Amino acid sequence: MSSQKGNTSRSRGQKYQNTTAFKNNKYGTSVQVKKANAKVHDGVCQHCKDVLEWKVKYNKYKPLTQPRKCVKCLQKSVKDAYHIMCKPCALRLELCAKCGKKEDIVISLQQEKEDEKGEQGDTQDTCHKRRGRSRRARDEFDDEDDDDDEFGSGSDLEDCDSDLEPGSEHSKDPVPSVNSLKIQDNSKQ
């Protein structure tokens with residue numbers, strides 16, 4: 001800053017500038033960083049969403065270890081860090097869950113629930129639309145699983161153990177047992 005009296009604005013840019021941007025997952029990500037990167041900040045206004053994204057981006061986001069008390073219902077039901085209201089109260093009152101102001105909610109909680117239901121329906125539709133060999137193979141595999149369930153309630157592990165026994169009748173191996181082979185040594189002649 002200038003030492004000139006009353007001059008509060010600076011005319012030049014910053015002197016030192018990083019050549020590469022900070023990456024919060026540069027040296028291997030921890031579980032906490034992965035969860036923070038994957039978290040969708042819903043039920044908050046645009047300003048609060050930007051603040052939370054900044055905290056995640058620069059590794060300042062610290063998740064809650066225990067639920068906090070909601071300022072509206074006074075229950076320990078706030079599970080998101082930096083929020084002051086639980087999701088049901090914020091949805092009911094149409095307030096930002098972080099700052100508590102009546103602002104436009106960027107990603108509403110209702111929209112998230114509808115999207116999840118829609119995605120489940122889409123995955124079912126894509127399964128029905130599949131054609132060709134992979135679908136037939138999948139159907140045959142499902143039929144084989146159904147057949148196993150009809151014959152008994154025994155576990156698959158018991159079946160596998162019985163197959164490994166040498167004298168088992170269930171064995172379908174064409175290779176004879178090693179016990180019945182006789183080895184002759186012809187090198188001493």
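For an R0 of 25 angstrom, estimate the FRET efficiency from the Cβ-Cβ distance between residue 104 and residue 30 and round to the nearest 0.05.
On the way: r = 34 Å, r/R0 = 1.36.
The computed FRET efficiency comes out at 0.15.
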Residue 39 versus residue 5: modelled label distance in nm, points set 7 Å from Cα along the beta carbon direction | 5.0 nm
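At a Förster distance of 41 Å, what's the computed FRET efficiency of residue 54 paired with residue 179, Cβ-Cβ distance as r, to 0.05? Write down the numbers at each step before the final one.
Values: r = 72 Å, r/R0 = 1.75.
So the FRET efficiency works out to roughly 0.05.
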Under the 7 Å Cα-to-Cβ spin-label approximation, residue 12 and residue 93 lie apart by a distance in nanometres of 5.0 nm
Measure up 15/39; 35/101; 15/35; 60/102; 26/102 against 31 Å on the Cα-Cα distance and list the ones that go over.
-> 15/39; 15/35; 26/102
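Among the trypsin sites (Lys or Arg not before Pro) in segment 38-100, which ones are in a DSSP loop with at most 13 other Cβ atoms within 10 Å of the Cβ? Mind listing them? List each step's numbers first, then the result.
Values: sites: 39, 49, 55, 57, 60, 68, 69, 72, 76, 79, 92, 98; in loops: 39, 60, 72, 79, 98.
Hits after loop and neighbour filter: 60, 79.
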List the relative contact order of segment 31-112 as a percent without decimals, with contacts defined as Cα pairs under 8 Å and 6+ residues apart.
-> 33 percent
Would you work out if segment 31-112 is rounded, prolate or oblate? Take a ≥ b ≥ c from the square roots of the eigenvalues of the alpha-carbon gyration tensor; rounded if a/c is under 1.5, else prolate when a/b is larger than b/c, oblate otherwise.
-> oblate
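Here, each number is a calculation from the coordinates, and none is a lab measurement. All of these numbers come straight from a predicted model, not from anything done at the bench. With ideal geometry, Cβ positions are generated from the backbone for all residues, glycine too; neighbour counts draw on all protein chains shown.
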